[in-house]
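Let me begin by presenting the structure, written as structure tokens, before commenting on it.
The values are calculated or read from the model by the stated rules, or taken from the named source; none is laboratory data. Values in this document were obtained by computation on a predicted structure and should not be read as measured data. We place every Cβ from the backbone using ideal geometry, glycine too, and count neighbours over all the protein chains shown.
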Amino acid sequence: MSTHEKEAGATGRAGLLRLLAADRMATAACAVLLLVGLCAVLGPPLLGDLAREQNLRAVKLRPFSTGEGWEFVLGSDSLGRSVLARLVVAAGTTLSVAVPAVVLSLLIGSVWGMWAGFHRGWRENVSMRIADVILSFPSLLLAVVVLYVFDPSIANLVAVLAIARIPVYLRTARAESAELRGRLFADAARTFGSGNWAIVRRHVAPIVLPTLLTVAAVDFCFVMLTESSLSFLGIGIQPPDVSWGLMVAQGRAELRNAWWTVVFPGLAIIVTTVAMTVLANWARIAGDPAQRWRLTTPKRGRTPRGRGSVPDSAAPPPGRPQPQQTGSRERTAKGTSHGEAPRQEQP
Amino acid sequence: MPDTADTAGTAQTAGTADTVGTADRAGTATGGPLLQARGLTKTFRVPRSASGSTRLHALDGVDLTVRRGETLGLVGESGCGKSTLARVLLMLERPDAGTLRYDGVDPFALRGRSLLAWRRRVQMVFQDPFASLNPRMSAGELIAEPWRSHPDLVPRAERERRVHELLEKVGLRAADARRHPQEFSGGQRQRIGIARALALDPEVIVCDEPVSALDLSVQAQVLNVLTELQAELGVAYVFISHDLPVVRHMADRVAVMYLGRVVESGPAEEVFTAPRHPYTASLLSAAPRPPTAQDDGPSRRIVLFGEVPSPTDPPSGCRFRTRCWKAEQVCATAVPADEPAPDGPQHLAACHLPIQPSDRGGSRAAAHE
Amino acid sequence: MNGQATPGTAAGNGTALEVRDLSVELSTPQGPVRVVRDVGFEVRSGQTLALLGESGCGKSMTAQAVAGLLDPVAEVTDGQVRLQGRDILRLRRSDRRSLAGPELAMVFQDALTALNPVYTVGSQLAEPFRIHERASRRAAKEKAVELMERVGIPEPRLRAKAFPHQFSGGMRQRLLIAMAVALRPSVLLADEPTTALDVTVQAQIMELLAELRRETRMALVLITHDLAVVAEQADQVAVMYSGTIVESGPVAEVFAAPRHPYTRGLLDSVPAGHPRGSVLPSIQGSPPRPAAVPAGCAFRARCPLARDRCATDEPPLTDTGPGRASACHYWKELADA
């Protein structure tokens, strides 16, 4: 995910990078994700052996006790394996499940949702009923059944998680796209002779996707936790492979005497998720020309508030539309994604 | 420059059409009307209304003619069907009945490439300059957007130059191409909308209340842009508005609509100075007179009773009879046909009891009581 | 015009509403913004004053400040609003509330949102009588029906039991007017009362307002952007631009010979009176944002008369003749031309 984000920044205008640098939170989030990405890519080849190496003389070493060597800086688990090394190696496994699952469900769900919302009618109805069915089915149970029947491989795990999460994107994308198709600029595009897919691509997707990205960032956490539950049940990641979720699951038994085996992987999940949310939120604002100016103003000016309720002074670019006073004559485009909190639909 | 040649061509045909085509109602292929609608009818399904009707009669047998290079003003109150008519003209809606002929061709019969080629010829300027421009796109992208559906029209290398040209044509600067809609004022946005409509070199632009969302001081600027463009490019306008002084300023001919029908049409000056349909007369007298208007309007004001009936169950016969002070038995039973005025064959009114030049004034006084 | 100057508006009529140096500030994250600056006007009983201006010029904000209906983010920072001689801005909240209705009422543009959708219009119309006159339920209902009849709603007794959404736009506006004039206020503020309506219905509503004004001798403050409505309905006009009044005076005089280039520009840009298809004279550019009103004269960037002085000195609203005032350094040039 991190490399993906980075690419998006680099291929975009250089201005985006500058915007990113201006926002300290987003920069930090980006750095965190880069680090996680590096760990995921370089971790297994470099530290793979270390993570598996048992050292029964160094069982349950406390963290930050440097006497035993750098690898035990975060302590060791009940088999004397380095928590640090396992954390680094697990990043790869975790991401290799979570990233494809989130990306797959995001892709399928958003395309499907935009299609359904854009065409309305029976396509919409059928799609929504399917989404309801998937959502009403406990996803964990579904996963258990599927993974028992089939082989608990990473591919199957990804497939199950992706399918379970499709409705989240499907519903959000459908709602937004149904609203956007009636907007005047979509009509305008029809008068040029644009086809339906062209309108979806040009007018619907760019507005829906940022919202979906924010949803995806939050969903990332959910997928990682589901994966850990499955691993705990023994049908997720199979030892000796290790994921953050699995580490939490395995360490839970020893929470009382070796908290670090649980807390550090847990922290890794949280920090990664928060970083993703921050970055997704930043991307949403940066991708919206109407909102972009917020990123260039000093922090003080960025307190959240209802858009347009008060005039903005020097901060926005010249010629920003005047917020309404009479509230009468001018009609502003209603319901754009300006300043809206990302919609989340959790089952 | 291919477009200047094109422009000159259109302007010339416009000239000939004016001289030849005016008396020609049938509309033969050469010199005939550019756009001709006959009996356009469109009903929408709506949730059951108070009377139990589920059909909203938006258009009911609308006849319309637009000639090359002219401005047809379309006047009417809310619910009269003028916006639906605009959407039908742009093929955003398909009429239930009636024919639309564009240069003798029915656009609804076209498919594929020929349909795409036709789309190019009719464009639209929308009422709301805020909602009709995608806020995510820059002015340049917005204006160039039509070319993404018509990639052959302007070579890729030419596009940037052409965008700048269009921006300057509507009174913006070339540098504005990089700015986004929300950085512009309402009037400037409407200019972008006009530039976008021009991008495909259309022959007809349907302007749906293009200035009614704008402030007065900005209205005049946008009207001027439209006037200048017509003189330069010879494009025809269908100018939809409820603002009579604006229509009077812009239109060569007007059509007055009431509840889905055209009740009166003809050369603008004739309709405005000597209305024949009572509805037109009342509309003209009801509009508050601007302080600068010459005093040629009716001296007594007609204040109509009631409001426009719901288009879900319009009155029988003449649609206007429920509010008309001249209404008689016949108005309830028979739908009035278009009758030309005695002094102008172009000036049609669908009324059983049209206002005669002699009783103008008298009827008004009566109406007020 | 059209004999609108009702007989008996001359001496003997007190000033019903007087506003002096009214300023309103909006608080924004970037600091306060003055959206109404030193606005002053007065209306006599039985007369109509039009506050004319484009969207964002502060005319609605002025009306809301007078009516005490400002948004919490906006605040009156200065000035007086004298209603029958009493400065109502200094009154206690409860005292002020007791004035709303019997003394000062307001009609809004959007009649649908101004009526509560879950109550019948009859009970909504009865409310002012219940609150201010402590009328019994039955008496108040009866008065409501009378009122509906007065504003021209057919079958009032039957329609009193209907809900707002069952009325058309014009009828809803009539209801709002009925509610506003229920207690015979001495001042009625009407904020774009006809903008959302069709032309033929607009005429009906304006007629009704004029009738009521004649009947009850209330002072009407008409807030509008429509020059034609002003020309037909108002006695006095105050033209607002960028939060302040730039010209005021009797309508006929101001429109015949404007003394501010903005008024002049507005009048010139009306299509009527220009040959068909001709290029309309227009005011270049667009109004400044309230947060970025330039120093000096706010209109100077769009003004054909602007000179160096306009960039530094803000022209005050000064008398230019009996009953007339203009906020332009060079109004004489317009008057002479």
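Laid out as a table, the results:
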read-out: Residue list for segment C:274-330, filter: more than 25 Å from B:S185 (Cα to Cα) and among the polar types (S, T, N, Q); value: C:T312, C:T318, C:T320, C:S326
read-out: Scope segment C:225-235; condition surrounded by 24 or more Cβ atoms within 10 Å (Cβ to Cβ) and within 22 Å of C:E18 (Cβ to Cβ); matching residues; value: C:V230, C:Q233, C:A234
read-out: Condition broken by C:L91, with the remaining ones in (1) more than 13 Å from C:V19 (Cβ to Cβ); (2) in contact (Cβ under 8 Å) with a residue 24 or more places away in the chain; (3) surrounded by 16 or more Cβ atoms within 10 Å (Cβ to Cβ) satisfied; value: (2)
read-out: Criterion: among the β-branched types (V, I, T) and part of a strand (DSSP E or B) - qualifying residue of B:V308, B:V263; value: B:V263
read-out: Residues located in segment A:168-184, provided they are over 22 Å from A:W122 (Cβ atoms) and surrounded by fewer than 24 Cβ atoms within 10 Å (Cβ to Cβ); value: A:R183, A:L184
read-out: Residues of segment C:167-184 that turn out to be more than 14 Å from chain B (Cβ to nearest Cβ) and either surrounded by fewer than 23 Cβ atoms within 10 Å (Cβ to Cβ) or without any contact (Cβ under 8 Å) to a residue 12 or more places away in the chain (or both), as a count; value: 2
read-out: Residues (among the basic types (K, R) and within 14 Å of chain B (Cβ to nearest Cβ)) located in segment C:299-327; value: C:R302
read-out: Residue in segment B:96-111 that is modelled with pLDDT under 85, basic (K, R), buried (at least 16 other Cβ atoms within 10 Å of the Cβ) and over 25 Å from B:G260 (Cα atoms) present; value: no
read-out: Options A:I235, A:I199: the member that is surrounded by fewer than 24 Cβ atoms within 10 Å (Cβ to Cβ) and modelled with pLDDT of 85 or more; value: A:I199
read-out: Failed criterion for B:G61 (all others in (1) part of a helix (DSSP H, G or I); (2) more than 24 Å from B:E203 (Cβ to Cβ) hold); value: (1)
read-out: Residue match in segment C:261-278 (condition: in contact with an Asp or Glu (Cβ under 6 Å, 6 or more places away or on another chain) and either among the polar types (S, T, N, Q) or more than 30 Å from C:I177 (Cβ to Cβ) (or both)); value: yes
read-out: Residue, farthest from the other protein chains (Cβ to nearest Cβ), within segment B:112-134, restricted to residues that are not in a helix (DSSP H, G or I) and not hydrophobic (A, V, I, L, M, F, W, C); value: B:R121
read-out: Pick from segment B:266-282, criterion of a type in the set (A, V, I, L, M) and more than 17 Å from the chain's Cα centre (by Cα), ranking: farthest from the other protein chains (Cβ to nearest Cβ); value: B:A274
read-out: Considering residues of segment B:193-216 that are in contact (Cβ under 8 Å) with a residue 12 or more places away in the chain and within 14 Å of chain C (Cβ to nearest Cβ) only, the residue farthest from B:E77 (Cα to Cα); value: B:D215
read-out: Odd one out for B:T7, checked against (1) at pLDDT below 90; (2) in contact with a strand residue (DSSP E or B) (Cβ under 6 Å, 6 or more places away or on another chain); value: (2)
read-out: Segment B:219-253, residues that are more than 11 Å from chain C (Cβ to nearest Cβ) and closer than 21 Å to C:D198 by Cα; value: B:V238, B:F239, B:I240
read-out: Listing of helices (runs of 4 or more DSSP H) fully contained in segment C:156-219 that carry 3 or more residues being under 15 Å from C:A144 (Cβ atoms); value: C:156-159, C:169-181
read-out: Selection count, segment C:246-265, where residues are closer than 30 Å to B:T273 by Cα, in a helix (DSSP H, G or I) and either free of Cβ contacts under 8 Å to residues at least 60 places away in the same chain or not hydrophobic (A, V, I, L, M, F, W, C) (or both); value: 6
read-out: Flag if B:Q190 is assigned to a helix (DSSP H, G or I), facing another protein chain (nearest Cβ under 8 Å) and in contact with a helix residue (DSSP H, G or I) (Cβ under 9 Å, 6 or more places away or on another chain); value: no
read-out: Of all residues making up segment B:112-127, the number that are out of contact with any Pro (no Cβ under 6 Å at 6 or more places or on another chain) and surrounded by fewer than 22 Cβ atoms within 10 Å (Cβ to Cβ); value: 7
read-out: Boolean, B:M137 is part of a strand (DSSP E or B) and within 9 Å of another protein chain (Cβ to nearest Cβ); value: no
read-out: Residue count for segment C:290-305, restricted to those that are in a loop (DSSP other than H, G, I, E, B) and touching a residue at least 40 places away in the same chain (Cβ under 8 Å); value: 6
read-out: Segment C:250-298, residues that are crowded, with 17+ Cβ neighbours inside 10 Å, more than 13 Å from chain B (Cβ to nearest Cβ) and of a type in the set (G, A, S); value: C:A291, C:G296, C:A298
read-out: Residue list for segment C:220-245, restricted to those being hydroxyl-bearing (S, T, Y) and not in a strand (DSSP E or B); value: C:S242
read-out: Residue within segment C:269-289 that is hydrophobic (A, V, I, L, M, F, W, C), under 30 Å from B:R173 (Cβ atoms) and under 19 Å from the mean Cα position of the chain (by Cα) present; value: no
read-out: Test result for C:V270, under 30 Å from B:E70 (Cβ atoms) and in contact (Cβ under 8 Å) with a residue 40 or more places away in the chain; value: yes
read-out: Any hit, segment C:328-336, residues being part of a loop (DSSP other than H, G, I, E, B), facing chain B (nearest Cβ under 9 Å), within 28 Å of C:D78 (Cβ to Cβ) and not aliphatic (A, V, I, L, M); value: no
read-out: Failed item in (1) at pLDDT below 85; (2) touching a helix residue (DSSP H, G or I) at 6+ places or on another chain (Cβ under 6 Å); (3) surrounded by fewer than 20 Cβ atoms within 10 Å (Cβ to Cβ), with B:R136 passing the rest; value: (3)
read-out: Enumeration of residues in segment A:236-254 that are within 24 Å of the chain's Cα centre (by Cα) and either farther than 13 Å from A:G266 by Cβ or assigned to a helix (DSSP H, G or I) (or both); value: A:G236, A:I237, A:D241, A:V242, A:W244, A:G245, A:L246, A:M247, A:V248, A:A249
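For every residue, the table says whether it meets (1) at pLDDT below 85; (2) surrounded by fewer than 22 Cβ atoms within 10 Å (Cβ to Cβ); (3) in a helix (DSSP H, G or I).
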position: B:P146; (1), (2), (3): no, no, yes
position: B:D152; (1), (2), (3): yes, yes, no
position: B:H164; (1), (2), (3): no, yes, yes
position: B:A177; (1), (2), (3): no, yes, yes
